Amino acid sequence: MFESEIKLFHVSNQLAENDLDRIESKLGISLGRSHVKTIETDSDYYPQIDSSIRTEASQMSEAYEIFYSLEKTIRGFIEDSFGAAGVHDWWNEDCVPEKIKRSTEERIQREFDSGVTPRSEDPIDYTNFGELGEIIRHNWDIFGGTLRSQKAVTKVLSGLNTLRAPIAHCSMLAEDEMIRLRLSVRDWFRLMG
């Protein structure tokens, strides 16, 4: 469990860094931290994109970073929990519902057929929040010792899956939804013992 605690610390640190970035940006100040957000851009074409769109992208980068970090953390938590339970080939055993296996196989094939570099060799990287929740519920005997409530897991992951859409599809999150995203992250970590 030590590895899980380190991951939790890392995500908490990223959330604090994001909050400090937001405060610096909002107040137009520098707190003297060495952390600097940068984007390497195509100097010929990127400036042609409307500045308001670039500003929105910069604002949404915080939501994306939070979401990315949390999703990767939850996937790692699932893999670590199976490993701790001694279930090492869990994806190929009865631990993953067939519907999820088929969906991920379709996503893997679609990515392969598109000719792009595969995002991963690990099928869990092709799952969404709803499917991660199903894997957890399907194996509650493994996760129930760490997570407090199966209903709460469903609620939190379902909410995160809803928040995922505007983040993944380049739409602005309303201020209330940014708050909801931060609260959902906290809700997830409160579920963990």
**Request:** Show K99, K26, K72 ordered by accessible area, largest first, where the area counts protein heavy atoms only and the probe is 1.4 Å.
**Result:** K26, K99, K72
**Complete:** Taking GluC sites (Glu not before Pro) as exposed when in a DSSP loop with at most 11 other Cβ atoms inside 10 Å, the chain has its longest clean stretch at 122-193
**Complete:** Looking only at aspartates and glutamates whose Cα falls under 15 Å of K101's and that sit 8 or more positions away or on another chain, we get D89, E93, E121, D122, D125, E131, E134
**Request:** Give me the distance between the Cα centres of the range 41-87 and the range 141-168, rounded to whole Å.
**Result:** 18
**Asked** So for H138, H88, what's the accessible-area order with a 1.4 Å probe, most first?
**Response** H88, H138
**Prompt:** For the chain, modelled as a Gaussian network with Cα springs under 10 Å, which listed residue fluctuates most, T162, T127, T117?
**Reply:** T117
**Request:** Starting from the Cα of K26, draw a straight line to each of the aspartates and glutamates and keep only those under 20 Å, dropping any in the same chain fewer than 8 residues away.
**Result:** E17, E56, E62, E65, E175, D176, E177
**Asked** On the accessible surface of the range 35-193, probed at 1.4 Å, how many percent belong to carbon and sulfur atoms?
**Response** 49
**Asked** What does the accessible area per residue of the range 25-156 come to in Å², with a 1.4 Å probe and no ligands, DNA or RNA counted?
**Response** 64
**Request:** Rank G115, G133, G145 by mean-square fluctuation in a GNM of the chain with C-alpha springs under 10 angstrom and give only the top-ranked residue.
**Result:** G115
**Message:** Looking at the chain as a GNM with Cα springs under 10 Å, which of D125, D50, D176 has the largest mean-square fluctuation?
**Reply:** D50
**Fill in**
Computed from the beta carbon distance with a Förster radius of 22 Å, FRET efficiency for V116 and N13 to the nearest 0.05 stands at 0.10
**Complete:** Expressed in square angstrom to the nearest 10, the accessible area of L183 with a 1.4 Å probe stands at 80
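The values are calculated or read from the model by the stated rules, or taken from the named source; none is laboratory data. All values reported here derive from a predicted model rather than from experimental measurement. Heads up, the Cβs are rebuilt from the backbone with ideal geometry, glycines too, and the neighbour counts pull from every protein chain shown. We work out accessible area using only protein heavy atoms, side chains counted, and drop any ligands, DNA or RNA first. Shrake-Rupley method; radii C 1.70, N 1.55, O 1.52, S 1.80 Å.
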